[in-house]
Every structure is written in structure tokens, then in C-alpha cells.
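Okay, so here's the structure we're looking at.
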Amino acid sequence: MARITVEDCIDKFESRFELVLVASNRARKLHSGDEPTVQKDNDKNTVIALREIADETISADEFKQSLIEEYQTVSPINDEDEHALEFTDENSEEEDASIDELEQNHVESESAEELEDIKESIMETNDNEVSNTISENQDDQSS
């Protein structure tokens, strides 16, 4: 019975390897408690999984996607996330904006000398952070 079912399933996937991966994954899910989409008929989980594939009660694409999601450990990086990791001119613009904001908020209460000290400390802090990031990246690349 299983041999005929295997032969019926081969045409649903590009290769036998895909069929084996998907069927074994589905059989494990059935063993874990998933409800079968076909009648059990006192069959084992592997035969039930093959019958589901042959009867196309669940599409081959759904089987593949389920398998991929189960084994996927890292989510794909969006283009926005990738660009956020890079140091760009936008970062320096943000730094300039924070300095301008400090100037506007403290012009009345701070003297010009104190304001210059604050600017220098912000610049030094940002320079140190960039230097630390660069040295960490170089250490990672060398190891």
C-alpha cells in the first residue's frame, strides 16, 4: 500500500529528496498531534502523510513552506534594517540636530563657554563610539 502511495506522490515534487523531507516532516507533525486531513484507516503516520500528499489535501507548496518555516532560525533582513546598520551622513546630521537642539534649549541659561564644552563632549563621545565600533569590527574580521 505504501509503495503505490509513494509512486503516486513522486509527481507532486521536483525530486524524491523533497518528497522524503516533506513526508517525514508531516509524519512527525502527525505523531506530535496534528490532525490528519484524510481518514486514518488504521495506517501509520508515514502512510497517512503520503496519502495526504497523493490526495493533495494540503498543497505541495504549503508542505514546503511549513518545512522551511520550521527549520528557519533567522528571519530575513529587510532592506531598511540593512541600511540602518551602515554609518551614513544621516548619523552626522542627527548629531548636528542634537547639538542645535542643545543650543536652543540652553542659550538663555548657559554661557557660551559652557555650551562649547557640551558640544565638545558630545563630539568626543560620538567619536569614541565610532572608534570602538570600528575596532570591534576589525577584531571580528581578524578572528
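The values are calculated or read from the model by the stated rules, or taken from the named source; none is laboratory data. Given the structure is predicted, the values throughout are model-derived calculations rather than measurements. Reconstructed Cβ throughout: ideal geometry from the backbone, glycine too, with neighbour counts over all protein chains shown. When the accessible area is computed, the model is the full protein with side chains, heavy atoms only, and any ligands, DNA or RNA have been set aside. Shrake-Rupley method; radii C 1.70, N 1.55, O 1.52, S 1.80 Å.
Which value in nm describes the separation of the simple spin-label points at Ser15 and Lys44, placed 7 Å from the Cα toward the beta carbon?
2.6
If I stretch the segment between Ile134 and Ala60 completely, what's the gain in nm (0.36 nm per residue apart, minus their alpha carbon distance), one decimal?
Details: separation 74, 0.36 × 74 = 26.64 nm, distance 4.68 nm.
Length difference between fully extended and current span is 22.0 nm.
Report the net charge of residues surrounding Glu18, where surrounding means a beta-carbon distance below 11 angstrom and charges are Lys +1, Arg +1, Asp -1, Glu -1. Could you put the intermediate results ahead of the total?
Working: positive: Lys12, Arg16, Lys64; negative: Glu14.
Counting the neighbours of Glu18, the net charge comes to +2.
I want to check the label-to-label distance for Ile122 and Gln72. Put each point 7 Å from Cα in the C-beta direction and report it in nm to one decimal.
4.1
Give the ranking of Ile48, Ile134, Ile118 by solvent-accessible surface, highest area first, calculated with a 1.4 Å probe. Let's see the in-between values first.
Working: Ile48 0, Ile134 85, Ile118 50 Å².
Accessible-area ranking of Ile48, Ile134, Ile118, largest first: Ile134, Ile118, Ile48.
What does the charge count around Gln65 come to, taking other residues whose C-beta lies under 14 Å from its C-beta (Lys +1, Arg +1, Asp -1, Glu -1)? Please report the intermediate quantities before stating the final value.
Numbers: positive: Arg26, Lys29, Lys64; negative: Glu18, Asp61, Glu62, Glu69, Glu70.
Value of the local net charge: -2.
From the phi of every residue in the range 58-71, what ³J(HN,Hα) in whole Hz does the Karplus formula 6.51 cos²θ - 1.76 cosθ + 1.60 yield, where θ is phi - 60° and glycine or proline is x?
10, 5, 4, 5, 5, 4, 5, 5, 4, 5, 4, 5, 5, 9
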